[in-house]
Amino acid sequence: SGAALGGLLGSFTGLGIPTEAAKEYEAAVREGGVVVAAKAADADAEKRIMGVLQQHGPRTVHSYTQAL
């Protein structure tokens with residue numbers, strides 16, 4: 001629904017994703033795309049996660065650090 005999609009922007013920014021990127025992700029979901037988010041315990045885990053995602057032909061892969 002529109003209300004659920006509208007909540008995506010706040011959810012994305014709450015994860016530490018910059019507002020402009022969050023708007024792009026929300027638009028991608030509205031167009032039928034899928035956004036995958038994962039929380040990495042450390043830099044090594046982040047590298048492994050990004051490697052797995054890259055193996056599946058994503059449109060983009062980004063890494064963000066959540067503000068404390």
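The values are calculated or read from the model by the stated rules, or taken from the named source; none is laboratory data. Because the structure is predicted, anything quoted here is derived from the model rather than measured. Heads up, the Cβs are rebuilt from the backbone with ideal geometry, glycines too, and the neighbour counts pull from every protein chain shown. The protein model used for the area step is the full one, side chains on, heavy atoms only, and it has no ligands, DNA or RNA in it. Shrake-Rupley method; radii C 1.70, N 1.55, O 1.52, S 1.80 Å.
Couple of notes before you dig in:
- Dipole check for the chain: with +1 at the C-beta of Lys and Arg, -1 at the C-beta of Asp and Glu, and the Cα centre as origin, the magnitude is about 100 Debye.
- With all protein chains kept in place, the per residue accessible area of the stretch 3-56 amounts to 70 square angstrom at a probe of 1.4 angstrom.
- Volume per residue of the C-alpha convex hull in the chain, rounded to whole Å³: 88
- Structure-based [θ]222 nm, the chain - -39500 (n - 2.57) summed over DSSP H runs of at least 4, per residue, nearest 500: -17000 deg cm²/dmol
- Heavy-atom accessible surface of the chain: percent carbon and sulfur, 1.4 Å: 55
- Coupling constants for the stretch 35-40 follow from the phi torsions by the Karplus curve (6.51 cos²θ - 1.76 cosθ + 1.60, θ = phi - 60°), and in residue order they are 10, 10, 10, 9, 9, 9 Hz; glycine and proline get x.
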